[in-house]
Ligand code: GLC
Ligand code: CA
């Protein structure tokens, strides 16, 4: 199964490369960077939505599933892009957004005209004669309400996201058939799979019970027919193909994950969970960073648990950012210049050595950072803008919100890719649709191509290592020193070969005692620093130092270490 061995690279087309000077990235821009993609060693690209869209939410509001967004180019260019990727042995995942459409989609344009319109039942409606609709939370609506009144039909339509993104009615078999037709259309064009946007929200309890809780997670992702629909999708479209699916699994807990990806259930192939994304944020405010930072012990516990559930079936993914999150290095490492390079490399090492398909977001490979906008006027993202309006209407502290957004806003990761030191970082010759991060003269791809010790070269080195070492893909994962507050240590073991990975997740120098004896002369295979100090079983780890040792023969933990750390299990061999 090719997708288990893949390294996914996510491209945000709007911000990757502009070919015609209108300030918006496009397909021709991506085509001009195909050799770059190949040079990275990645083998799968996930493109954020490229379909017809009025761009209320940068393409996540689709008005035509069968065509390319005008700003992005033409179907001919899409075909060229796909061909160019395949020539380089890179597969393509499209972003399928079928929980909702744009309100400008012809289906909704019809639906909103009258209750008799054939498309009316493509969406969810609450007739006004029944009184006020039951509360449902909207992610992006400045009112916080997911029902919006439509005069012509004298009814309210449901939109979990903005009012310009009405939710499709999956109870209607005709809607499901339309979705499968869309999938088949793109599969026939040759795409290799789909990232399924907000897919866990597709089924709604259409008895529309009153819901007391404001915890949207409790009802969004737990519709009564969700798994029936996914099984139907599998039967109708996916079965007996080589197509893969990657579900965005917001609201799904660890105990439910296997229901989506366990092979015998015949639903989907992979999902990405959100549990990791909540780390380091306070629980009682909207995306407010915890001043205490990220608790590494909790992080290790979480990723170890997620590894464990896939021991018996299914397959995991791992990521630290995407287009909905701030920049990886700013959030999980440090973007202060002293630590930026070293911590970016440490995080790359982590993603590439876990037992899960890694997903990188464009710009991670050169250590791009948060832009930290100061004014609401700089933001383009509906999420930030509408939340700001919502807080403003409630008389809440918007200055505080803006400060939090400097860390957490989605626009942090949506600024243009930094190619070189020319104007606008080489992204566009026109005016970029969103500001370019001023640090592009320091952080850019061209400079890192020339520097053997750059983040980019390091990324390529570790990508290559994972590609050549099945143990890093399939090997059993074993955590050590679960309670260590600064260091994340694990081994990967397969068929008599072991790799040991030691990651200092902190800004401090740490004297770290290895959990088992290693050869006194051992040298790391990968090191994100120039220095390496090992004395009497103690590693002197520099801030954010990352080390990979291997291939080594599997070792048993020493008796003393095993006793001291009761949670350490003896190593077992595992075969693919
Ligand atoms: C997903 C996308 C996000 C989008 C939302 C609505 O969460 O990743 O960018 O805003 O769905 O489609
Ligand atoms: Ca353009």
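Quick look at the numbers
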| quantity | calculated |
| --- | --- |
| Modelled FRET efficiency - R0 25 Å, residue 420 with residue 338, Cβ distances, 0.05 increments | 0.55 |
| Estimated [θ] at 222 nm from DSSP helical runs (n ≥ 4, -39500 (n - 2.57)) normalised by residues in the chain, nearest 500 | -7500 deg cm²/dmol |
| Average Cα contact separation per residue, the chain, under 8 Å, 6 or more apart, as relative contact order % | 12 percent |
| Cβ-derived FRET efficiency at R0 22 Å, residue 297 paired with residue 517, nearest 0.05 | 0.35 |
| Per-residue Cβ neighbour rank within 10 angstrom, fewest leading, 270, 69, 529 | 529, 69, 270 |
| Beta bridges per DSSP with both ends in the chain, % antiparallel, nearest 5 | 60 percent |
| Over region 374-521, volume per residue of the alpha carbon convex hull, in Å³ | 208 Å³ |
| Residues 232, 449 arranged by fewest to most Cβ contacts within 10 Å | 449, 232 |
| Spin-label model distance (nm) - residue 115 vs residue 464, 7 Å beyond Cα toward Cβ | 6.8 nm |
| The chain: angle of helix 337-353 to the longest principal axis, Cα-based, in degrees nearest 10 | 80 degrees |
| Extension gain, residue 235 back to residue 552 (0.36 nm per residue minus Cα-Cα distance, nm) | 109.7 nm |
| Prolate/oblate/rounded label for region 47-95 (Cα gyration tensor, a/c 1.5) | prolate |
| Projected label distance in nm at residue 483 and residue 385, using a 7 Å step from Cα toward the beta-carbon | 5.1 nm |
| Residue order, fewest to most beta carbons within 10 Å, for 159, 139, 259, 278 | 278, 259, 139, 159 |
| Per residue Cα convex hull volume in Å³ - calculated over the chain | 150 Å³ |
| Potential lengthening between residue 507 and residue 70 on full extension [0.36 nm per residue; Cα-Cα distance subtracted] | 152.7 nm |
| Angle in degrees between helix 173-189 and the longest Cα principal axis of the chain, rounded to the nearest 10 | 50 degrees |
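Taken together, the values in this text are just the output of simple stated rules run on the coordinates, not laboratory data. Values in this document were obtained by computation on a predicted structure and should not be read as measured data. Cβ: placed from backbone, ideal geometry, glycine included. Neighbour counts: every protein chain shown.
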